[in-house]
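Asks: First the structure, then my questions, so here it is.
The values are calculated or read from the model by the stated rules, or taken from the named source; none is laboratory data. What you are looking at is a predicted structure, and each value in this text was computed from that prediction instead of being measured. Glycine also receives a Cβ, built like all others from the backbone with ideal geometry; neighbour counts cover every protein chain displayed. These area figures cover heavy atoms from the full protein model, side chains too; ligands, DNA and RNA do not enter into them. Shrake-Rupley method; radii C 1.70, N 1.55, O 1.52, S 1.80 Å.
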Amino acid sequence: MKKGLLYLIVLVMLGCVQTLSAQTAVTYKREDSLTVCRLLQKSSRSVDVLSLARQFIEVPYVAHTLEVNDDEQLVVNTRQLDCTTFVETVTALKLCLQQGKRSWNDYVETLRLLRYRGGRLDGYPSRLHYFSDWIADKTRMRLVSEVQEPNPPFSAVQKIAVSYMSEHPKAYKALKNHPELVPQIRRQEQALTGTTARYIPKADIKNTDLLRKAVKDGDIIAITCNKPGLDIAHLGFAVWRGDGLHLLNASQIHRMVVEEPMTLRYYMQKHPKFTGIRIVRINNPSQKTKR
C-alpha cells in the first residue's frame, strides 16, 4: 500500500477528513488536505503562531492562486502561497488548534470565516480584497484585534483611500470577465475610504524595548503604503531576533516563504512606497477578548 494512501486512511480513522459543508464549495488537492490534517493532528493546542508559520518555509510564492474558478469557491492551496494566503492559512490553523478543532472540515470552515465578509461566501465581492477591510471585519467577528497603542510607537494615522480594483478591473480575472461586479466593488471601496487606523511609521521601527513591548512574536504585520488606491502593500508575521524585528513572509522577492534575513527596519528602507506597519493580533476565541 502506498504511503500517501495509508496516511489518508489513518487521518480518516482519526476523524480528520470529514464530509464538507454542503454550503461550501471547495477547490483543493489531496496534498493540501494531507498537509492541513498533519499539522492539526501533530500540533498542540497551545502551539505558537511562528511554529505553525515556519512549517511553510520554502513553499513557493505564487500569485493569483485564488483566481482558478469562474465562480467563487473557497480555494485551499498549501503548495503555493502569496503573502495574504500565507497569513490566512496560518491564522486558520492557529484558530482551529486553540479551539481543539482538528478536522479538515473544521479548517475549511475556519478559512471561510477568515476570507469572506462576515464569514459568508457569496460570490467574488464577498471576499475581503483589501486588508484594511479584512482587519475591520475580522475584528467585528472577534477573531483578531488590531493593536493601535501606545503612542509612541503608534504615532501615525493612516487615512484609508482605496480605489485600485475599480480603477484597474482588467488586472483582476473576475472583474475582467464579469464587469457587472465592478460597481459593487466600488461601493465597498467607498465604504472603506475615510476610515482610519494608527500605525508605526517606518522611521520608528527600531530595536527598542518600546517596540518589543508593542509588537509580539507572531503578530500579523501589515505594511502600509502610499501607492494611490491601495492601503496595504505586504503582509507577514513578526519575528524578534537579537538584532531587531524581522518578517516571516511569502516573499515575491525570494519567490518562496522565508524568514527575512534583513531586519524589518532595513527592509522598509529599501521600499520608498512603504510608510509603516499596522499590527494585528490573533485572538483566542476560547478566552474573553480584552476591550
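Asks: Quick check for me: using +1 on Lys/Arg Cβ and -1 on Asp/Glu Cβ, what's the dipole size of the chain about its Cα centre, in debye to the nearest 20?
Replies: About 540 debye.
Asks: Assign unit charges at the C-beta atoms only (+1 for Lys and Arg, -1 for Asp and Glu), then state the dipole size of region 99-255 relative to its Cα centre in Debye, rounded to the nearest 20.
Replies: I would put it at about 300 debye.
Asks: Using the charge dipole of the chain (Lys, Arg: +1 at Cβ; Asp, Glu: -1 at Cβ; taken about the Cα centre), state which of VAL182, ASN283, VAL257 has its Cα farthest towards the positive end.
Replies: It is ASN283.
Asks: So how do SER126, SER44 rank on accessible area, 1.4 Å probe, biggest first, that is with the largest at the start?
Replies: SER44, SER126
Asks: So what is the relative contact order for the chain, in percent, with contacts set as C-alpha pairs under 8 Å and at least six apart?
Replies: Relative CO of the chain lands at 21 percent.
Asks: Taking only DSSP H segments of four or more residues, each worth -39500 (n - 2.57), what value at 222 nm results for the chain once the sum is divided by all its residues, to the nearest 500 deg cm²/dmol?
Replies: The per-residue figure over the chain is -9500 deg cm²/dmol.
Asks: Taking each full run of DSSP H in the chain as one helix, which ones are at least 20 Å long along their axis (Cα atoms) and have mean Kyte-Doolittle hydropathy of at least -1.0?
Replies: Passing helices, by number: 83-98.
Asks: Can you order the peptides 131-143, 103-115 by their average number of other Cβ atoms within 10 Å per residue, highest first?
Replies: Sorting 131-143, 103-115 by mean packing, highest first, produces 103-115, 131-143.
Asks: Once the convex hull of the C-alpha atoms of the chain is built, how many Å³ does it hold per residue, rounded to a whole number?
Replies: 137 Å³
Asks: Considering Cα pairs under 8 angstrom that are at least six residues apart, work out the relative contact order of region 220-267 and quote it in whole percent.
Replies: Computed over region 220-267, the figure is 25 percent.
Asks: Assign one of three labels to region 83-233, namely rounded, prolate or oblate, based on the Cα gyration tensor with a ≥ b ≥ c the square roots of its eigenvalues; rounded applies when a/c is under 1.5, prolate when it is not and a/b is larger than b/c, and oblate otherwise.
Replies: It is oblate, given that a/c is not under 1.5 and a/b is not larger than b/c.
Asks: Loop-only trypsin sites (Lys or Arg not before Pro) in region 238-268, please: DSSP not H, G, I, E or B, and at most 15 other Cβ atoms within 10 Å.
Replies: Those satisfying the criteria are ARG255.
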